[in-house]
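Engineer: Before I ask anything, here is the structure I am working with.
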Amino acid sequence: MLTKRIIPCLDIKNGRTVKGVQFENIRDAGDPVELAKWYAEQGADELVFLDITATNEERKTFAELVRDIARHIDIPFTVGGGISAVADVEVLLHAGADKVSINSSAIKNPQLVEELARHFGSQCVTVAIDTKHKDETGWKVYTRAGTIETEHSTVDWAKRVTDLGAGEILLTSMNNDGTKAGFALGVTGEVAKAVSVPVIASGGAGTKQHFAEAFEVAHADAALAASLFHFRELSVPELKAYLKEKGVAVRI
Amino acid sequence: MNLVIVDYKAGNVQSVLFALERLGVQATLSSDFETIKAADKVIFPGVGEASSAMLQLKSRNLDKLLPELKQPFFGVCLGMQLLCKHSEEGDTDLLGIIPLQVKRFQTELKVPHMGWNQLEGLNSPLFAGIQEKEYVYYVHSYYVPLSEYTIAQTSYPEPFSGALQYKNFYAAQFHPEKSGPAGAQILKNFLAL
């Protein structure tokens with residue numbers, strides 16, 4: 001049976017993991033390759049690396065890092081951050097990334113999704129959607145690291161990028177992100193129901209139960225978390241053992 | 001051993017090279033007729049779309065060469081589908097080495113079939129040391145139905161061919177290069193054939 005995926009997410013700045021990582025049993029907690037290897041051994045199903053650097057020089061460092069990650073880990077990984085053209089994707093996929101994630105550039109230029117799908121296949125095009133709920137407007141898509149509200153309603157946008165060729169949706173609720181109060185089950189469920197491609201739930205994971213809800217209530221295909229894993233509040237093996245006991249299909 | 005990976009600008013070549021490197025094996029990347037023909041073993045990777053992959057193969061005359069090969073040959077993912085006769089993806093005529101059709105998933109489930117799923121009915125030296133129901137990583141929207149050449153199957157929700165063997169041509173729909181220790185073992189088994 002196809003299993004639900006557990007995906008740790010690493011933020012990368014100038015070749016190093018940032019946003020605080022607390023690990024004692026690996027040599028260098030700031031080294032993304034060390035951390036990636038450790039997560040792979042722990043049973044993570046995939047990894048996501050987000051490049052949060054700004055300059056072109058630092059972006060070159062990121063491509064080198066992607067190559068280093070691909071050399072050392074034997075599970076799939078997605079890379080994202082600052083991708084705006086076919087040429088950017090070519091560099092990252094040729095370095096060994098399995099998928100790329102695009103966000104603001106898809107809003108700016110929706111045809112990019114179609115172009116990437118045509119060049120590289122839908123299976124390697126993940127569209128990341130940052131969504132936020134305000135009472136008067138419902139769930140809207142945000143861009144530029146969540147700073148700017150767009151006119152797109154979240155479910156419509158998810159459907160549109162899927163029609164354009166996205167092979168997967170990474171849905172982050174900004175209302176939930178960082179709260180540890182659980183995933184945004186409502187909007188995640190609506191998107192999962194509306195599109196025919198897999199949906200990754202993101203933002204708000206705080207407990208094992210939250211993951212079970214993302215899979216069983218919202219029907220997400222995968223769930224992503226960062227600090228929860230980095231700060232060792234929850235380990236991947238402990239989470240998977242719990243999910244298995246709950247009857248969720250996981251790879252152990 | 002002289003191991004050659006067929007180079008036709010398929011997306012996951014680097015990942016396959018790295019997986020082999022982790023096994024301590026050096027491979028040559030080539031689209032050259034004589035180099036491929038002289039190899040002890042050939043790996044044929046692939047991700048992407050069938051019709052554009054066929055165009056790439058034809059532009060290098062590889063559509064003529066590959067069916068003639070006699071050494072152990074391993075097609076991976078799209079590299080497995082390309083060995084078949086015809087694909088519903090872009091209504092494409094393929095290499096025609098294995099007399100099978102490639103179909104699109106028609107299911108209520110999510111497509112692409114993406115993630116870790118189980119191998120069953122293992123029936124080949126390719127799977128030496130691999131347990132029934134082992135998890136491997138899949139990402140694909142098209143599949144090959146079960147046939148007399150199926151050497152492993154996976155269900156989504158109906159069973160389909162997870163791996164094939166026809167004469168010297170071995171093939172896997174999943175990605176051994178991304179399937180953790182089990183995938184590494186399968187690559188090792190191919191190298192030992």
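Engineer: Tell me, what ³J(HN,Hα) does each residue in the range A:99-114 have, in order and in whole Hz, if you take phi through Karplus 6.51 cos²θ - 1.76 cosθ + 1.60 with θ = phi - 60° and put x for Gly and Pro?
Structural biologist: 9, 10, 10, 10, 9, 4, 5, 6, 5, 5, 9, x, 5, 4, 4, 5
Engineer: Report the one residue of A:His119, A:Ala87, A:Ser153 whose Cα lies farthest in the direction of the positive end of the charge dipole of chain A (charges on C-beta: Lys and Arg +1, Asp and Glu -1; origin at the Cα centre).
Structural biologist: Result: A:Ser153.
Engineer: Taking the Cα atoms of the range B:3-191, what is the range of coordinates along each of the three principal axes, in descending order and whole Å?
Structural biologist: Largest first, the range B:3-191 extends 44, 38, 27 Å along its Cα principal axes.
Engineer: Only four residue types carry charge here, +1 at the Cβ of Lys and Arg and -1 at the Cβ of Asp and Glu. Report the dipole size of the protein assembly as shown about the Cα centre in Debye, rounded to the nearest 20. All intermediate terms of the calculation are to be shown ahead of the outcome.
Structural biologist: Details: 44 positive and 54 negative charges, 78 e Å.
Approximately 380 debye in magnitude.
Engineer: Give me a single rounded figure for A:217-227: the average over its residues of other chain Cβ atoms within 10 Å of their Cβ. It would help to have the intermediate numbers written out before the result.
Structural biologist: Values: counts 0, 0, 1, 0, 4, 2, 0, 0, 0, 0, 0.
Counting other chains' Cβ atoms within 10 Å and averaging over A:217-227 gives 1.
Engineer: Starting from the exponent 0.38 and prefactor 2.2 Å, build the expected Rg for the range A:5-245 from its residue count and divide its actual Cα Rg by it.
Structural biologist: Values: Rg = 16.7 Å, N = 241, 2.2 N^0.38 = 17.7 Å.
Cα Rg divided by the expected 2.2 N^0.38 Å: 0.95.
Engineer: Kindly provide the pair-distance distribution of the range B:60-110 built from C-alpha pairs, with 10 Å bins from 0 and whole-percent values in order of increasing distance.
Structural biologist: Result returned by the calculation: 23, 51, 20, 6, 0.
Engineer: Okay, next question. Toward the positive end of the charge dipole of the range B:46-193, about the Cα centre and with charges on Cβ (Lys, Arg +1; Asp, Glu -1), which of B:Leu119, B:Ser141, B:Gly75 goes farthest?
Structural biologist: Of the options given, the answer is B:Gly75.
Engineer: So what is the relative contact order of the range A:5-245, in percent, for Cα pairs below 8 Å that sit 6 or more residues apart? Don't jump to the answer; show the numbers that get you there.
Structural biologist: Numbers: 502 pairs, mean separation 40.4, N = 241.
RCO, the range A:5-245: 17 percent.
Engineer: Please report the base-10 log of the normalised intensity I(q)/I(0) for the protein assembly as shown, using a Debye sum with one equal scatterer per alpha carbon and no solvent, at each q in 0.08, 0.10 (1/Å).
Structural biologist: One equal scatterer on each Cα of the protein assembly as shown leads to -0.42, -0.67.
Engineer: Per residue of the range A:55-64, in order, report the coupling 6.51 cos²θ - 1.76 cosθ + 1.60 (Karplus, θ = phi - 60°) as ³J(HN,Hα) in whole Hz, putting x for Gly and Pro.
Structural biologist: 8, 5, 4, 5, 5, 5, 4, 5, 4, 5
Engineer: In whole percent, what relative contact order does chain B give with Cα contacts below 8 Å and a gap of six or more residues? Kindly include the intermediate steps, with their values, before the conclusion.
Structural biologist: On the way: 415 pairs, mean separation 36.7, N = 193.
Rounded, it is 19 percent for chain B.
Engineer: Compute the relative contact order of the range A:38-132 as a whole-number percentage, counting only Cα pairs closer than 8 Å that sit 6 or more residues apart in sequence.
Structural biologist: Details: 122 pairs, mean separation 23.2, N = 95.
24 percent.
Engineer: Which ³J(HN,Hα) values in Hz, rounded to whole numbers, follow from the phi angles of the range B:72-87 under the Karplus curve 6.51 cos²θ - 1.76 cosθ + 1.60, where θ = phi - 60° and Gly and Pro get x?
Structural biologist: Each residue's phi maps through the Karplus curve to give x, 10, 10, x, 10, 6, 4, x, 6, 4, 5, 6, 7, 8, 8, 10 Hz.
Engineer: A further question on this structure: Choose one answer from A:Ala214, A:Ala192, A:Ala70: the residue with the largest mean-square fluctuation in a GNM of chain A with alpha-carbon springs under 10 Å.
Structural biologist: Between A:Ala214, A:Ala192, A:Ala70, it is A:Ala70 that shows the largest mean-square fluctuation.
Engineer: Continuing with the same structure: Explain nothing, just the number: dipole magnitude of the range A:5-245 about its Cα centre with +1 on each Lys and Arg Cβ and -1 on each Asp and Glu Cβ, in debye rounded to the nearest 20.
Structural biologist: Details: 25 positive and 35 negative charges, 23 e Å.
Dipole about the Cα centre, nearest 20: 120 debye.
Engineer: Here's another thing I want to ask about it. Tell me which GluC sites (Glu not before Pro) from the range B:111-193 have a DSSP coil assignment and no more than 14 other beta carbons within 10 Å of their own. Can you show the working numbers first?
Structural biologist: Numbers: sites: B:Glu120, B:Glu132, B:Glu134, B:Glu148, B:Glu177; in loops: B:Glu132, B:Glu148.
Sparse-neighbourhood loop GluC sites (Glu not before Pro): B:Glu132, B:Glu148.
Engineer: State, in angstrom, two size descriptors of the range A:1-106 derived from its alpha carbons: Rg to one decimal place and Dmax to the nearest whole number.
Structural biologist: That works out to 13.4, 44 Å for Rg and Dmax.
Engineer: Additional query: Tell me which of A:Tyr242, A:Ala222, A:Ala192 sits at the most positive position along the dipole axis of chain A, charges placed on C-beta atoms (Lys, Arg +1; Asp, Glu -1).
Structural biologist: A:Tyr242
Values quoted throughout were computed directly from the atomic coordinates according to the rules given, and no laboratory measurement underlies them. Note that the coordinates shown come from a computational prediction; the quantities given were computed from them, not determined experimentally. Virtual Cβ from ideal backbone geometry, glycine too; neighbours counted across all protein chains shown.
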